[in-house]
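Working notes, structure below.
The values are calculated or read from the model by the stated rules, or taken from the named source; none is laboratory data. For clarity, every value in this text was computed on a predicted model and none was experimentally measured. Cβ placement follows ideal geometry from the backbone for every residue including glycine, while neighbour counts extend to all protein chains displayed.
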Amino acid sequence: MINDLWYKNAVVYCLSVETFMDSNGDGVGDFQGLQRRLDYLAGLGINTIWLMPFQMSPGRDDGYDVSDYYNIDPRYGTLGDFVEFTHGAKQRGIRVLIDLVVNHTSDQHPWFKQACADRTSPYRDWYVWSDKKPANADEGMVFPGVQKTTWTRDPISGSYYFHRFYNFQPDLNTANPHVQAEILKIMGFWIQLGVSGFRMDAVPFVIAEKGAEISAPKPQFDMLRSFREFLQWRKGDSIILAEANVVPKENLRYFGEDGDRMHMMFNFHVNQSLFFALASADTRPLAHALDQTRDHPQTAQWGIFLRNHDELDLGRLTEKQRQAVFAAFGPEKSMQLYDRGIRRRLAPMLGGDVRRLKLAYSLMYSLPGTPVLRYGDEIGMGDDLTLEERNCARTPMQWSDEPQGGFTKGKAPVLPVISEGPYSFEHVNVAAQRRDTDSMLNWTERMIRMRKEAPEIGWGSFDVLDCGDPGVLCMRYDWRNNAVVILHNFHDAPIEITFDAGIGEDGYVLIDIADGSDSRADEQGKHRMVLEPYGYRWYRAGGLDYLLKRSDI
Ligand code: NOJ
């Protein structure tokens, strides 16, 4: 079945309802507040919203501990408000993806409570148990340093339950057909309420075999196919975007050789080498990562991101590369997390250097895949390192210089608004940036427009071109006889480069998509140009047709 492949060329904006906009002054963001900001988002040009978890939850892992999959946390509004929101988004041509957190539930979920209370309950087998503490109970923690074990004793039934994440997040026994049927039911429910798909949390763990006796868990890839099939039957254009930080040789197993598993995956591999490139001005590992993640089914797509709501995980870099990124962007212990990553937002990581920020975002919009922007990135929001773990980068959206950054009329927002230093709401906010043509906000709007006008990136094939300097990434995309050439200079200095666009006469004239200026190849067909420090250029190949049409030559 051929579906509408809208996600191949979308621009995704990720936000948490809780910290986006509070409409009733209780200090907690809500759906009515978000609804009022839909025109802002439409104006920015994004066409997909990814909502972080908003279902009922004790909120011990920012909603990634769900206690009822079929209701929303009353602090955010009602199911009615949710449907008003999806409808409002649809009216503006914006699709909605939501988090699907089914590797585990909250320990407060009635299923888990019944499983603990009664060994004969049908819910007992919805979780993963062991009578004795398994020998490997202190292995495989996802949050090392904070999480002590992966097996915890339930005092009621006296046995140990498995939890890949925190101990209040018992793993579901996803091999149980009843659990699988429930996962489909959850998807069906939200699809019916207007969403276009899911960002599926912790996919490698969802499909892993689980149990005390399993030492080398095998992934159950068939599960992914059944999720996809169900979605396609219910609503043909709905998708799953998988959170799966896996090595490149695993990618096709997640996408499915025939494109019958996950529609999208976040490209963690490219993400890490991208930060190495920013830290070291060496783009070779990035070019290699792009090559390693090149292959995917035609209908699949990568999600390209810079920072997300978690730590920047550098676990897949070499020790030397990781240390280079730490030294450049997170030298202090308070900036690091879980022995493998950096917990800061991008703007402070890059020292607030607007040239570098623009370089990084231009790269995000131009790498092969669908860009995923995080709320607040469009104004260059900062972080608050006094907050615990990942909360430092989850502070409320800064709308204006009014009290609490215009996020709430109440006094005590759910997390403090950044109110000191260069990133405080008085300096960094939407209202001020709207009025300033040169602001990050207006730049982002222009950048998103430019991205949408270059469908070659989402649909086409790419080549990394040799321009003689590893500090410059030079890429060409081809699609339907059109090509774009995009350059990024990672050096803090101007640099002269020479390159052949690699498409013969078609590439002799390159027209700058942003300002219409052009670069013409010399007699050997080579372009020579100087890029500013941290400069970037987006060109469309004009070819001879373009030359013939121009009257000034
Ligand atoms: C991945 C999510 O991104 C993270 O925020 C969460 O803590 C874990 N999965 C557990 O759900």
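Filter the range 144-160 down to the residues that are in contact with a strand residue (DSSP E or B) (Cβ under 7 Å, 6 or more places away or on another chain) and either assigned by TED's automatic domain parsing to the domain that holds Asp65 or away from the ligand (no atom under 16 Å from the Cβ) (or both), then identify the one that is farthest from Asp313 (Cα to Cα).
The residue in question is Ser159.
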Exercise. Give the number of residues within the range 228-253 that are away from the ligand (no atom under 16 Å from the Cβ) and either of a type outside the set (Lys, Arg) or closer than 16 Å to Ser196 by Cα (or both).
Key: 17
Quiz item: Restricted to the range 477-494, and to residues that are without any contact (Cβ under 8 Å) to a residue 60 or more places away in the chain and surrounded by 20 or more Cβ atoms within 10 Å (Cβ to Cβ), which residue is farthest from Gly535 (Cα to Cα)?
Solution: Ala483
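Within the range 95-124, can you find the residues that are among the aliphatic types (A, V, I, L, M) and surrounded by fewer than 19 Cβ atoms within 10 Å (Cβ to Cβ)? Break it down into steps so the answer makes sense when it comes.
To start, the set of residues in the range 95-124 that are among the aliphatic types (A, V, I, L, M) comprises 96-98, 100-102, 115, 117.
Matches in the range 95-124: Ala117 only.
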Exercise. State all residues of the range 238-262 that are among the charged types (D, E, K, R), more than 13 Å from Ala300 (Cα to Cα) and either in contact with a Lys or Arg (Cβ under 9 Å, 6 or more places away or on another chain) or crowded, with 16+ Cβ neighbours inside 10 Å (or both); if no residue qualifies, say none.
Key: Glu243
Practice problem: Report, by residue number, each residue of the range 187-202 that is touching a residue at least 60 places away in the same chain (Cβ under 8 Å) and either within 15 Å of the ligand (Cβ to nearest atom) or among the small types (Gly, Ala, Ser) (or both). | Solution: Gly194, Ser196, Gly197, Phe198, Arg199, Met200, Asp201, Ala202
Exercise. Could you grab me the full set of residues in the range 495-513 that are surrounded by 14 or more Cβ atoms within 10 Å (Cβ to Cβ) and out of contact with any helix residue (DSSP H, G or I) (no Cβ under 6 Å at 6 or more places or on another chain)?
Key: Ile495, Ile497, Thr498, Phe499, Asp500, Gly502, Ile503, Gly507, Tyr508, Leu510, Ile511
Quiz item: What do you reckon, is Lys409 in a loop (DSSP other than H, G, I, E, B), in contact (Cβ under 8 Å) with a residue 12 or more places away in the chain and basic (Lys, Arg)?
Solution: yes
Self-check item: So Tyr338, is it within 30 Å of Gln301 (Cα to Cα), modelled with pLDDT under 95, within 16 Å of the ligand (Cβ to nearest atom) and in contact with a strand residue (DSSP E or B) (Cβ under 8 Å, 6 or more places away or on another chain)
Solution: yes
Quiz prompt | Yes/no for Ser461 being hydroxyl-bearing (Ser, Thr, Tyr), more than 26 Å from the chain's Cα centre (by Cα) and either surrounded by fewer than 23 Cβ atoms within 10 Å (Cβ to Cβ) or at pLDDT below 95 (or both) | solution = no
Self-check item: Selection from the range 47-86 of residues that are out of contact with any Gly (no Cβ under 8 Å at 6 or more places or on another chain), aliphatic (A, V, I, L, M) and away from the ligand (no atom under 11 Å from the Cβ)
Solution: Ile49, Leu51, Met56, Ile72, Leu79
Practice problem: Can you tell me which residue among Thr395, Thr386 is assigned to a loop (DSSP other than H, G, I, E, B), away from the ligand (no atom under 16 Å from the Cβ) and either among the hydroxyl-bearing types (Ser, Thr, Tyr) or within 25 Å of His288 (Cα to Cα) (or both)? | Solution: Thr386
Practice problem: Determine the pairs where a residue that is without any contact (Cβ under 8 Å) to a residue 12 or more places away in the chain, located within the range 151-170, has a partner that is away from the ligand (no atom under 16 Å from the Cβ) and not in a loop (DSSP other than H, G, I, E, B) with Cβ atoms under 9 Å apart, the partner being 6 or more residues away or on another chain. | Solution: Pro155/Cys116
Exercise. Evaluate the following for Thr149: is it modelled with pLDDT of 95 or more and surrounded by fewer than 15 Cβ atoms within 10 Å (Cβ to Cβ)?
Key: no
Quiz item: Pairs, please: C-beta under 6 Å, at least 6 apart or cross-chain, first residue touching a residue at least 24 places away in the same chain (Cβ under 8 Å) and in the range 53-70, second within 14 Å of the ligand (Cβ to nearest atom) and acidic (Asp, Glu)?
Solution: Pro53/Asp99; Ser57/Asp65
Self-check item: Single match in Leu312, Leu337, Leu363 (criterion: within 20 Å of Leu465 (Cβ to Cβ) and surrounded by 23 or more Cβ atoms within 10 Å (Cβ to Cβ))
Solution: Leu363
Practice problem: Could you tell me which of the residues Asp506, Asp469 is more than 27 Å from the chain's Cα centre (by Cα) and in a helix (DSSP H, G or I)? | Solution: Asp506
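Quick grid of which residues meet (1) assigned by TED's automatic domain parsing to the domain that holds Gly211; (2) touching a residue at least 60 places away in the same chain (Cβ under 8 Å); (3) closer than 18 Å to Gln169 by Cα:
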residue	(1), (2), (3)
Asp81	yes, no, no
His87	yes, yes, no
Gly93	yes, no, no
Asp118	no, no, no
Ser121	no, no, no
Tyr127	no, no, yes
Asp138	no, no, yes
Practice problem: Output the residue which, of all residues in the range 464-476 that are touching a residue at least 40 places away in the same chain (Cβ under 8 Å) and surrounded by fewer than 19 Cβ atoms within 10 Å (Cβ to Cβ), is farthest from Gly45 (Cα to Cα). | Solution: Pro470
Quiz item: When the residues of the range 479-503 are filtered to those that are outside any strand (DSSP E or B) and of a type in the set (A, V, I, L, M, F, W, C), which remaining residue is farthest from Arg356 (Cα to Cα)?
Solution: Ile503
Quiz item: Is the range 293-307 home to any residue that is farther than 21 Å from Glu388 by Cα, touching a residue at least 60 places away in the same chain (Cβ under 8 Å), in contact with a Ser or Thr (Cβ under 9 Å, 6 or more places away or on another chain) and within 16 Å of the ligand (Cβ to nearest atom)?
Solution: yes
Practice problem: Identify the residue in the range 87-143 that is within 16 Å of the ligand (Cβ to nearest atom) and not in a loop (DSSP other than H, G, I, E, B) and, among all such residues, is farthest from Arg36 (Cα to Cα). | Solution: Tyr127
Quiz item: Out of (1) at pLDDT below 95; (2) surrounded by 15 or more Cβ atoms within 10 Å (Cβ to Cβ); (3) under 28 Å from the mean Cα position of the chain (by Cα), the odd one out for Gly543 is which?
Solution: (3)
